[in-house]
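In what follows, a structure is listed as structure tokens, so that the remarks can point back to it.
Read-outs: derived from the displayed coordinates by stated rules, not from any lab. All of these numbers come straight from a predicted model, not from anything done at the bench. Glycine also receives a Cβ, built like all others from the backbone with ideal geometry; neighbour counts cover every protein chain displayed.
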Amino acid sequence: MDLYQINLINSNHKMIFKSSSKFSLKKKPALFLDRDGVIINDTGFISNPNDVVLLPGIKNLLVASEKLGWTNIIITNQSGISRGFFKWKDYEKVSFKILELLGKSCKIDGIYANGNAPCKKLSIDSWRKPNPNMILEASSTFNIDLKNSIIIGDRITDILSGYKAGIKNYVHVLTGHGKKERKLILKKFSKEYNSHSLICINNLLEFPFNKLLKKIF
């Protein structure tokens, strides 16, 4: 996978790849994926590429998405940067290791990250989830059809960032922090977001291809 560009501005980092649909004139849906706990095992502030372990089901999901012509975007909070646990160069090494393990058949179009630590009130322009700004930035770059896109996460901040960006389809997994966040997500969506589609699965091996990816076409 050929790197097109890396940009680091303040606490925001993005990587875009040459194989992407960046210049597509037609809007396409996207898969927005959290990283730790969804794509790779969440070991807590991972900084060593040797610690990267892919989670079950991610390869099959990305291959299916690619066949359908979707755009695949990773959006990740990386507060280890501001906490001083690792630097952006370490983060990049981990990112490249993930791409290496995924292989050429699993296309990733862009990776967006924010390095801020959690706070009580995020500034409106912060990229940190649950703000939608990483999604909106990717949507502008890749000409994404947000309404028909899907966001996959293990935390409520993932799902809320999708909701705020205008995404209608959410998938919550029990991997990563999913077990402790499932109850909160179900409570939140049953009361406030029942016009949207929330699907809860154990892991990506159970991803409902027929129910989500194929029904949109």
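Miscellaneous remarks
- Modelled label positions at Asp125 and Asn210, each set 7 Å beyond Cα in the direction of Cβ, lie 4.9 nm from each other.
- Averaged over residues, the count of other Cβ atoms within 10 Å places the peptides 160-170, 200-210 in the sequence 160-170, 200-210, highest first.
- Amide H contacts for Ile199 (H built 1.01 Å from N in the peptide plane; partners 5 or more residues away or on another chain; cut-off under 5 Å): Tyr170, Val171, His172.
- FRET efficiency for Asn41 and Trp88, using Cβ-Cβ distance with R0 set to 25 Å, rounded to 0.05: 0.70
- Just so you know, the Cα atoms of the chain work out to an Rg and Dmax of 15.8, 45 Å.
- Entries in Lys129/Lys183; Lys87/Lys164; Lys93/Lys121 that, when Cα-Cα distance is taken, lie over 23 Å: Lys87/Lys164; Lys93/Lys121
- Dividing the summed helix terms, -39500 (n - 2.57) for each DSSP H run of n ≥ 4, by the number of residues in the chain produces a 222 nm estimate of -8500 deg cm²/dmol to the nearest 500.
- DSSP bridge pairs, the chain: antiparallel proportion in percent, nearest 5: 35
- Amide H to amide H, with H built 1.01 Å from N, Thr76 comes under 5 Å of Tyr112, Ala113, Asn114, counting only residues 5 or more places away or on other chains.
- Considering only Ile39, Ser82, Ala138, the residue lying farthest towards the positive end of the dipole of the chain is Ala138, judged by Cα position with unit charges set on Cβ.
- For the listed peptides 82-91, 58-67, 131-140, 149-158, a ranking on the average number of other beta carbons within 10 Å per residue, highest first, reads 149-158, 131-140, 58-67, 82-91.
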